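Q: Below is a structure I'd like to ask you about.
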Amino acid sequence: MLIGRELLGQIEASILSQSESSRFGLLLVHLRGIRQLTALLGFDAGEALVQATELRLGEVLRPIDQIWRSAPDEFLIVLPQLLSANHGLLAARKVLREFEAPLNVQGRPMMPLLTLALAFSSDSDAASPQHLIRRAMSALERALESNNRLALADDANADLWLQDDLRDALVNNELSIQFQPLVDIRSRRVTSVEALARWRSARHGVIAPSRFIALAEQAGLAPELTRWSVNAILREYAPLRRQMPQLRCAINLSPKVFSQSGIEGQISAALAIWGIPPESLTLEVTETAVMDDPELSSATLRHLRDTGVRVAIDDFGQGYSSFTYLKHFPATELKIDQSFVTPMAGDPRARQLVRSMIGIAHHLDMEAVAEGVEDATTLAYLAEMGCDIAQGYHLGRPMDVPELLQRLRAQE
Ligand code: G
Ligand code: MN
């Protein structure tokens, strides 16, 4: 794409005129095979197809969207006033969909092959419209190379957009819950399940919980996310528990919930609503969460412990832990981080560390839980070391409720 000076000036002016507060997008639409078509049928045919494409783009997009012909086979479109990243993505998808029907070009039906690239405005673009255009261009290069119909530009401010989308996702129920079994090593029975949130985003694909929980915290959405997940999890767990009263459920709490008032009340209320006894619930808290504010989190967790709720220290051994908090921390189980457990089969030092951590758990009257058990050898070592509970792909991946039910019925 080679944009002439004059055209570039116009596009820049358009980008600069977008008010700072509103977000906007830049959509590049590239037509494949125009050169081949021109070689085959002549300039008029090639040009007629591009013009028919421009007409249809005008019909598909909103009146405020500005379409520029930026190259013989390319359009550059400014999408002003986007409500969210998803809003821009919807526009791109709509373009692709509307071009699935052939165009009438000089009396012949023709299907242009479109490749799209979408870039979202960030604060720095106000100062440099060319930067935004270049981001879109490199995304288009990527799309063309990898034969994708749509590519999104890398975005320095992607997180801002992502936060918007997470807010929408919470409202629109785009998050789902999966359950991973925890197995009692002696009886080999599933005693508990850990609920893991999954966010399958239309724009971003599958996003790991660690990532969207951090995002939620940055965006001040941690309370909403906690409220949503506690209720969504218990809603699915309640009927499971009616069938298997012994089955417990573990929920991961975001480190930030402890600075939030009323978390205890919120959890107790949710348990009451779903008719679940506190003893059936385990709250998983990372060391980091505890270290951030040991007093506040200990107090909060102690109140919950007093009601009967269980507490697990998650990802133990990872991050910067000091053992001091263990002195007073009201945990019922210690979950040994998978970075120690997964390599056990081939790594004697990892085995010694796990053995020591199991010792710490037992000396402090906690159950020892090994996370990330990926093979039978590891499970055998853990059994020999007296570890209580195991969790990991070898014993079951995170799964949805129907699959979990099948699994539980099979063990009956
Ligand atoms: O931080 P926490 O331990 O709650 O995170 C659990 C994560 O670990 C989940 O995303 C889950 O999918 C993943 N996980 C569970 N079992 C295994 C395993 O055996 N191997 C690996 N690599 N990941 C696992
Ligand atoms: Mn966990």
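Q: Can you compute the helix-only [θ] at 222 nm over the chain? Use -39500 (n - 2.57) per DSSP H run of at least 4 residues, normalise by all residues, nearest 500 deg cm²/dmol.
A: Mean residue ellipticity at 222 nm (helix-derived): -15000 deg cm²/dmol.
Q: Let me ask something else about it. Compute the helix-to-body angle for 209-218: its Cα long axis versus the longest principal axis of the chain, expressed 0 to 90° and rounded to tens.
A: 80 degrees
Q: Hey, any idea what the orientation-averaged projected area of the convex hull of the chain's Cα atoms comes to, in nm²?
A: Mean projected area for the chain: 25.6 nm², to one decimal.
Q: Under a Cβ-only charge scheme (Lys and Arg +1, Asp and Glu -1), can you give me the dipole magnitude of the chain about the Cα centre, in debye to the nearest 20?
A: 880 debye
Q: A follow-up question, please. Along the charge dipole of segment 165-411, Cβ charges K/R +1 and D/E -1, which of V193, S261, A361 sits furthest on the positive end?
A: V193
Q: Compute the long axis of helix 158-172 from its Cα atoms, compare it with the longest principal axis of the Cα atoms of the chain, and write down the angle in degrees, 0 to 90, nearest 10.
A: That helix lies at roughly 70 degrees to the long axis.
Q: In Å and whole numbers, how far do the C-alpha atoms of segment 5-153 stretch along each principal axis, longest first?
A: 46, 31, 31
Q: Given a Förster radius of 41 Å and the C-beta distance between A101 and N173 as r, what FRET efficiency does 1/(1 + (r/R0)^6) yield to the nearest 0.05?
A: It comes to 0.80.
Q: Quick one: what are the phi-derived ³J(HN,Hα) couplings along segment 114-120, Karplus 6.51/-1.76/1.60 with θ = phi - 60°, whole Hz, x for glycine and proline?
A: 9, 10, 10, 9, 10, 10, 10
Q: Now, a different point. Using the heavy atoms of the protein chains and a 1.4 angstrom probe, tell me the accessible area per residue for segment 276-407 in square angstrom.
A: 44 Å²
Q: At a Cα cut-off below 21 Å, give the lysines reachable from K335, other chains included and same-chain residues fewer than 8 away excluded.
A: Within reach: K256, K327.
Q: Still on this structure, I have one more. Quick one: Karplus J couplings for segment 349-358, per residue in order, coefficients 6.51, -1.76, 1.60, θ = phi - 60°, nearest Hz, x for Gly and Pro?
A: 5, 4, 4, 5, 5, 4, 4, 5, 5, 4
Q: Quick one: pull the percent of accessible area on the chain belonging to carbon and sulfur, 1.4 Å probe, ligands and nucleic acids left out.
A: Exposed carbon and sulfur together represent 52 percent of the surface.
Q: Follow-up question, since we're still on this one. Among F316, Q338, N173, which residue has its Cα furthest toward the positive end of the charge dipole of the chain, with +1 on Lys/Arg Cβ and -1 on Asp/Glu Cβ?
A: N173
Q: A follow-up question, please. Among DSSP beta bridges lying fully in the chain, give the percent that are antiparallel, nearest 5.
A: The antiparallel fraction comes to roughly 60 percent.
Q: For segment 5-153, give the magnitude of the charge dipole about the Cα centre (Cβ charges: +1 Lys/Arg, -1 Asp/Glu; no others), in debye to the nearest 20.
A: I would put it at about 360 debye.
Q: Using alpha carbon coordinates only, what is the Rg to Rh ratio of segment 165-411, with Rh defined as the Kirkwood radius?
A: A ratio of 0.94.
Q: Name the residues whose placed amide hydrogens come within less than 5 Å of the amide hydrogen of D73, ignoring near sequence neighbours (fewer than 5 apart) on the same chain.
A: none
Q: Report, please, the projected area of segment 220-360 averaged over directions, based on the convex hull of its C-alpha atoms, in nm².
A: 9.3 nm²
Q: What residues qualify as long-range amide H neighbours of G392, i.e. H under 5 Å apart, gap of 5 or more or another chain, H built at 1.01 Å from N?
A: Those lying under 5 Å, H to H, from G392 are G372, V373.
Q: Now a separate question. So what J values fall out for segment 285-297 if you push phi through Karplus, 6.51 cos²θ - 1.76 cosθ + 1.60 with θ = phi - 60°, rounded to Hz, Gly and Pro as x?
A: 10, 7, 4, 4, 4, 6, 5, 4, 7, x, 5, 4, 5
Q: If you don't mind, there's one more thing I want to ask. Provide the solvent-accessible area of I64, counting protein heavy atoms only and rolling a 1.4 Å probe, rounded to the nearest 10 Å².
A: We get 80 Å² for I64.
Q: Taking the Cα centre of segment 165-411 as the origin and placing charges on Cβ (Lys, Arg +1; Asp, Glu -1), which of H328, M385, G275 is farthest toward the positive end of the dipole?
A: The listed residue farthest towards the positive side: G275.
The values are calculated or read from the model by the stated rules, or taken from the named source; none is laboratory data. Note that the coordinates shown come from a computational prediction; the quantities given were computed from them, not determined experimentally. Here Cβ is always computed from backbone atoms with ideal geometry, including for glycine, and neighbour counts include all displayed protein chains. When the accessible area is computed, the model is the full protein with side chains, heavy atoms only, and any ligands, DNA or RNA have been set aside. Shrake-Rupley method; radii C 1.70, N 1.55, O 1.52, S 1.80 Å.
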